[in-house]
Amino acid sequence: MTYSYDRDVYESEGGDITMALTGESLISRSVSSFREPTFTRLVDMIRGADLSFTHTEMLFHNYETAPTHRPGGTYMRSDPKNIDELKWMGFDLVSTASNHSYDYGENGVMTNIRYLNEHNMPFAGTGDSLAASRAPVYIETAKGRVALLSATTSGPPGGRAGETRRDVGGRPGANYIRHTQEFVVDRPTFEALRKVSESLGFEAQKAARHNQGFGGTPEDTDTEFYLTGVFPNYDSINYVKFTLGEQVERHSTPNWDDLEGTLQRVRDARRMAQWVIVTMHNHEAGATADEPSEHAQTIMRACIDAGADVFVGHGPHQDRGIEIYKGKPIFYALGDFFLQNDTVLLMPHDNIISQGLSWEATPADFYDARSGNETRGQTVQPIRWQSAMAITKWEKGEFKELELFPVDLGFGKPRSERGRPVLASGDVAKEILDRFERLSKPYGTKLERKGDTAVIRA
């Protein structure tokens, strides 16, 4: 008997798929009761895609565990029932690695995972060990098997998941790709920094750490100097590298071991799934807040090189540029898709008093104080309340185009209303698309306007 192996058997063999991709969802309230046409049309598009993704910046739990201590920000928490609200909207899978993964410590990581599993929401980015946090999650769609991997470059170093040994278990946490900040400085500045470090006792601390076998900080050389001891460095390794040069420059590089650990899983996913999505939470900026950091660009392009079909960045609470890199889309950041971090139900005491409030203060008092009664911070920055959803299309296995649908999160509305996405139109849509066009131009990316939307082609 002769078999023909060039015949089509499965729908997925066509190599066609549409993905609805969004940025970070800081969701703290239910959404299924709303019925504005601009909201229901958005939901229909999410449901209509073959695969829909969002990043959950919230931890789903019922305050079963104690918060960690860290300065500022919001201790992210959402009712586990809101997982079903995201599913109602049509989201198929979520990422979980972020600077907030560890807001409630190791138990908070595991409680969030438990609720995601109980509500049948596939996720990637956190786990009970480093290997688990790096692992892809796979889901089956009519258009082929999809893998999702998630990482963060932002967050407390203690929130990084720990590796499992043959004799000791791992530590719950996030897939945290550390990075080093490097500043190139001239000779007078270089020598002055050495002198300051010696005068404040940081050099002796470095030597003691090396002598005790702790390592951590690389050895100084005649042209490289590592300043440590003074930086809490919430978002990176606990030192800053200074390099002797002719002019002042700033650079950042990923921890190559961390990056390789993630790339190994991307290569694995490439062999196990038809479609591979990689996503990363990244606060750090380049020369301006509009630009991605150098280490983020390195990580994102390396993941495409390793086999990812698309890379979705998020984290800075604003949009950044889009690059078509080797025929694959990289979103350097999609901004907030939900922004409901000022209606989180409870807030730990450490955070309350950080705003100069008393023991008797309420969460509403905290949110008022943090935003200066709506006169500062995110509340007065339209860029935080605008973003876009990307409907990304592949045909015959190749990226064809993506369409940007601007979303409006209700800037200037009362706290009880704002923070939920609806399709933007008019001046707001134009402002969003203008921003994407400006930020994407350095990568050679062109937007074709279609009314209140825009298309980027391969």
Amide proton proximity set for ALA424, modelled H, under 5 Å, gap of 5+: VAL407, ASP408
Å² of accessible area per residue within the chain, as computed with a 1.4 Å probe and no ligands counted: 43 Å²
The long-range amide H neighbours of SER78, using H built 1.01 Å from N in the peptide plane and a cut-off of under 5 Å, are LEU59, PHE60, HIS61
May I ask for the longest run of the chain untouched by GluC sites (Glu not before Pro) that are loop-located per DSSP and have at most 16 neighbouring C-beta atoms (other than their own) within 10 Å? 247-359
Could you pull out every one of the lysines with an alpha carbon less than 29 Å from that of LYS195, ignoring same-chain neighbours closer than 8 positions? LYS206, LYS241
How many angstrom lie between the C-alpha centres of segment 271-335 and segment 1-56? 20 Å
Below 8 Å, C-alpha to C-alpha, sequence gap of six or more: please give me the relative contact order for segment 297-417 in percent. 20 percent
If contacts are Cα pairs under 8 angstrom and at least 6 residues apart, what is the relative contact order of the chain in percent? 16 percent
By how many degrees, 0 to 90 and rounded to 10, does the Cα axis of helix 37-48 deviate from the longest principal axis of the chain? 90 degrees
From highest to lowest solvent-accessible area (probe 1.4 Å; ligands, DNA and RNA excluded), ILE324, ILE432 read ILE324, ILE432
Show log10 I(q)/I(0) for segment 240-399 at q = 0.20 Å⁻¹, two decimals, from a solvent-free Debye sum over equal Cα scatterers. -1.20
Per-residue HN-Hα couplings for segment 51-56, Karplus 6.51 cos²θ - 1.76 cosθ + 1.60 at θ = phi - 60°, whole Hz, x for Gly and Pro? 8, 10, 10, 8, 9, 8
Chymotrypsin sites (Phe, Trp or Tyr not before Pro) lying in DSSP loop within segment 37-118, provided at most 14 other Cβ fall within 10 Å: TYR63
Could you pull out the trypsin sites (Lys or Arg not before Pro) across segment 125-215 that fall in loop regions by DSSP (anything but H, G, I, E, B) with no more than 12 other Cβ atoms inside 10 Å? ARG165, ARG166
Which of the listed residues, ASN341, THR392, GLN381, is farthest toward the dipole's positive end in the chain, when Lys, Arg count +1 and Asp, Glu count -1 at the beta-carbon? THR392
Starting at the first residue of segment 276-285, write each ³J(HN,Hα) from the Karplus equation 6.51 cos²θ - 1.76 cosθ + 1.60 with θ = phi - 60°, in whole Hz, x for Gly and Pro. 10, 10, 10, 9, 8, 8, 8, 7, 5, 10
Return the sequence-ordered ³J(HN,Hα) values of segment 363-377 in whole Hz as given by the Karplus equation 6.51 cos²θ - 1.76 cosθ + 1.60 applied to θ = phi - 60°, using x for Gly and Pro. x, 4, 4, 4, 5, 4, 5, 5, 9, x, 6, 6, 10, 8, x
Roughly to the nearest percent, how much of the accessible area of segment 38-126 is carbon and sulfur, given a 1.4 Å probe? 48 percent
Listed pairs LYS400/LYS430; LYS143/LYS441; LYS87/LYS328; LYS328/LYS446; LYS328/LYS396 exceeding 20 Å between Cα atoms: LYS400/LYS430; LYS143/LYS441; LYS87/LYS328
Taking H as built 1.01 Å from N, whose amide H comes closer than 5 Å to the amide H of THR141, not counting residues under 5 places away? VAL146
Considering only DSSP states other than H, G, I, E and B, which trypsin sites (Lys or Arg not before Pro) in segment 368-452 qualify as loop sites with at most 13 other Cβ atoms within 10 Å? ARG376, LYS396, LYS446
What is the dipole size for the chain, taken about its Cα centre, with +1 at each Lys and Arg Cβ and -1 at each Asp and Glu Cβ, in debye to the nearest 20? 420 debye
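The values are calculated or read from the model by the stated rules, or taken from the named source; none is laboratory data. Note that the structure is predicted; figures quoted are calculated from it, not measured. Cβ atoms come from the backbone with ideal geometry, glycine included; neighbour counts cover every protein chain shown. The protein model used for the area step is the full one, side chains on, heavy atoms only, and it has no ligands, DNA or RNA in it. Shrake-Rupley method; radii C 1.70, N 1.55, O 1.52, S 1.80 Å.
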